[in-house]
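Trainee: Encoded as structure tokens, here's the structure I'll be asking about.
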Amino acid sequence: QVQLMESGGGLVQPGGSLRLSCAASGSTFRLYTMAWYRQAPGKQRELVAVITSASSTTYGDSVKGRFTISRDNAKNTVFLQMNSLKPEDTGVYYCKMTMPTRVYWGQGTQVTVSA
């Protein structure tokens, strides 16, 4: 059983920055693709960024050039650096681990971008 724990959310003004972290339990973190998703009130969950085991990255169109996903396999942690934040970035941010036979989700961390 894998547990994912997100942290780093909060309230930030437009144009500000936040760094989210997602710590995973277990010893095989380095083998799997990790991703960040977000869900705004009344909207579907959407992909924000993905990082593979080889550290290849992909981003959603709305965050390209502003967000950066990275991973530290020694610490079993994936990060999301969010810069130039906009009110439309507000939502609950979830991390996800994709294994060959199942997927794990964290419980989420709230990000609110407001003046």
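The values are calculated or read from the model by the stated rules, or taken from the named source; none is laboratory data. This one's a predicted model, so the numbers in the text were calculated from it and none came from an experiment. Backbone-built Cβ (ideal geometry, glycine too); neighbour counts: all protein chains shown. Only protein heavy atoms, including side chains, enter the accessible area calculation; ligands, DNA and RNA are left aside. Shrake-Rupley method; radii C 1.70, N 1.55, O 1.52, S 1.80 Å.
Trainee: Return the sequence-ordered ³J(HN,Hα) values of region 108-113 in whole Hz as given by the Karplus equation 6.51 cos²θ - 1.76 cosθ + 1.60 applied to θ = phi - 60°, using x for Gly and Pro.
Mentor: x, 9, 7, 10, 10, 10
Trainee: Between residue 86 and residue 17, what is 0.36 nm times their sequence separation minus the Cα-Cα distance? Round to one decimal in nm.
Mentor: Full extension of this stretch gives 23.9 nm more.
Trainee: Given labels modelled 7 Å from the Cα in the Cβ direction, how far is it in nm from residue 28 to residue 52?
Mentor: A separation of 1.9 nm, rounded to one decimal place.
Trainee: Step through the residues of region 77-89 one at a time and calculate ³J(HN,Hα) from phi using the Karplus curve (6.51 cos²θ - 1.76 cosθ + 1.60, θ = phi - 60°), rounding each to whole Hz and writing x for Gly and Pro.
Mentor: After applying 6.51 cos²θ - 1.76 cosθ + 1.60, I find 9, 10, 10, 9, 8, 10, 10, 6, 5, 10, x, 6, 7 Hz.
Trainee: Here's a follow-up. When only the heavy atoms of the protein chains count and the probe is 1.4 Å, how do 36, 105 rank by accessible area, highest first?
Mentor: Most to least solvent-accessible, the answer reads 105, 36.
Trainee: Tell me, what is the per residue accessible area of the chain in Å², probe radius 1.4 Å?
Mentor: Accessible surface, normalised per residue, equals 54 Å².
Trainee: Inverting the mean 1/r over all pairs of different Cα atoms, compute the Kirkwood radius of region 45-111 and quote it in Å.
Mentor: One over the average 1/r among Cα pairs gives 13.0 Å for region 45-111.
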